[in-house]
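Asker: One structure, as structure tokens, below. Some questions next.
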Amino acid sequence: MRIHWLQHVPFEDLGCIAPILVEQGHSLSATPWYADAPAVPALDAFDALIVMGGPMGVADEAQYPWLRGEKRLIRAALDAGKPVLGICLGAQLIAHVLGAPVTRNPEPEIGWFDVERTDAGRGHPLLAGIPERMRVFHWHGDTFAIPAGGQCLMRSDACAHQAFAIGSRVLGLQFHLEVTAANVRELYAAETPQPGPCVQSAAQVLPELDTFAQGNRWMDILLRNWLTAG
């Protein structure tokens, strides 16, 4: 399968997703929106779309004019029925183009915090093989509402909407199963989060190498579900 992914800043890449997909035999291409004249694919040039995270917001078109073109591409992929996966900002962009509000979360959520399935998440095919509750990495200040026709699959104590699905081909994740310790070092090097009740420091986050590895294994499962459930 030809999988295209959208990158918003150099320090937020696919993480473990790239080797997983290559090992599964898929081909990858990318649009780095932050680059000069990035290559934007035609809709028929890819079979599935991944939209990654970034520090900007869905409404920041004045500062990031390429957001307009990105939103058109995401909407076209959704309308064509292609599998679409959004992570953090990516999930917010999917929700946004489908008419759901994206707003500030009550508290920024940065670090290791549990997410758990909602009633709708129990038994959903996209979460097959995923535990009822799991410890995952977060880095977000905004949150999405659930788009019309969608289901909220997961929540956390600090954020009511942690994952949503529309059928079995569209999946939005607020949290980051794809990150490695190297990815998170880059995040903390690029941004300095303000202290808060749901904000952890790099010193608290980085030693948990087993937790990174477990999250990457769950990412593998989710990717397989996403690409085969539809």
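The values are calculated or read from the model by the stated rules, or taken from the named source; none is laboratory data. Predicted, not measured: the structure shown is a model, and the values here were computed from it. Backbone-built Cβ (ideal geometry, glycine too); neighbour counts: all protein chains shown.
Asker: Which condition from (1) within 19 Å of Pro125 (Cα to Cα); (2) surrounded by fewer than 16 Cβ atoms within 10 Å (Cβ to Cβ) is the one that Pro195 breaks?
Answerer: With respect to (1) within 19 Å of Pro125 (Cα to Cα); (2) surrounded by fewer than 16 Cβ atoms within 10 Å (Cβ to Cβ), Pro195 is out only on (1).
Asker: A further question on this structure: What are the pairs, 6+ residues apart or on separate chains, where a residue within segment 12-23 that is assigned to a helix (DSSP H, G or I) has its Cβ under 7 Å from a residue that is surrounded by fewer than 21 Cβ atoms within 10 Å (Cβ to Cβ) and modelled with pLDDT of 95 or more?
Answerer: Listed pairs, sorted by first residue: Ala18/Leu28; Ile20/Asp220; Leu21/Leu28; Val22/Leu28.
Asker: I would also like to ask the following. Does segment 86-93 include one or more residues that are at pLDDT 95 or above, assigned to a loop (DSSP other than H, G, I, E, B) and out of contact with any His (no Cβ under 6 Å at 6 or more places or on another chain)?
Answerer: Going residue by residue through segment 86-93, those that are at pLDDT 95 or above are 86-93.
Those left that are additionally assigned to a loop (DSSP other than H, G, I, E, B): 88.
Those still in the list that are out of contact with any His (no Cβ under 6 Å at 6 or more places or on another chain) too: none.
The answer is no, given that none of the residues of segment 86-93 is at pLDDT 95 or above, assigned to a loop (DSSP other than H, G, I, E, B) and out of contact with any His (no Cβ under 6 Å at 6 or more places or on another chain).
Asker: While we're on this one: Just checking, which of Arg169, Arg217, Arg224, Arg185 is under 27 Å from Leu28 (Cα atoms), of a type in the set (Lys, Arg) and in contact with a Gly (Cβ under 8 Å, 6 or more places away or on another chain)? Please lay out each step first, then the result.
Answerer: Details: Arg217 fails: in contact with a Gly (Cβ under 8 Å, 6 or more places away or on another chain); Arg224 fails: in contact with a Gly (Cβ under 8 Å, 6 or more places away or on another chain); Arg185 fails: in contact with a Gly (Cβ under 8 Å, 6 or more places away or on another chain).
Every option except Arg169 fails the conditions.
Asker: Would segment 139-159 turn up any residue that is under 17 Å from Met219 (Cβ atoms), among the polar types (S, T, N, Q) and outside any strand (DSSP E or B)?
Answerer: There is no residue in segment 139-159 that is under 17 Å from Met219 (Cβ atoms), among the polar types (S, T, N, Q) and outside any strand (DSSP E or B).
Asker: Looking at segment 109-131, which of the residues that are in a loop (DSSP other than H, G, I, E, B) and out of contact with any strand residue (DSSP E or B) (no Cβ under 7 Å at 6 or more places or on another chain) is farthest from Thr180 (Cα to Cα)?
Answerer: Here the answer is Asp119.
Asker: Follow-up question, since we're still on this one. Are any of the residues in segment 108-127 touching a Gly at 6+ places or on another chain (Cβ under 6 Å), modelled with pLDDT of 95 or more and farther than 23 Å from His4 by Cα?
Answerer: Yes, segment 108-127 contains a residue that is touching a Gly at 6+ places or on another chain (Cβ under 6 Å), modelled with pLDDT of 95 or more and farther than 23 Å from His4 by Cα.
Asker: Let me ask you something else. Looking at (1) buried (at least 19 other Cβ atoms within 10 Å of the Cβ); (2) over 14 Å from the mean Cα position of the chain (by Cα); (3) of a type outside the set (Ser, Thr, Tyr); (4) outside any helix (DSSP H, G or I), which is the only condition Met134 fails?
Answerer: Single failed check for Met134: (1).
Asker: Let me ask something else about it. Give me a count of the residues in segment 183-214 that are closer than 20 Å to Leu89 by Cβ and in a helix (DSSP H, G or I).
Answerer: 9
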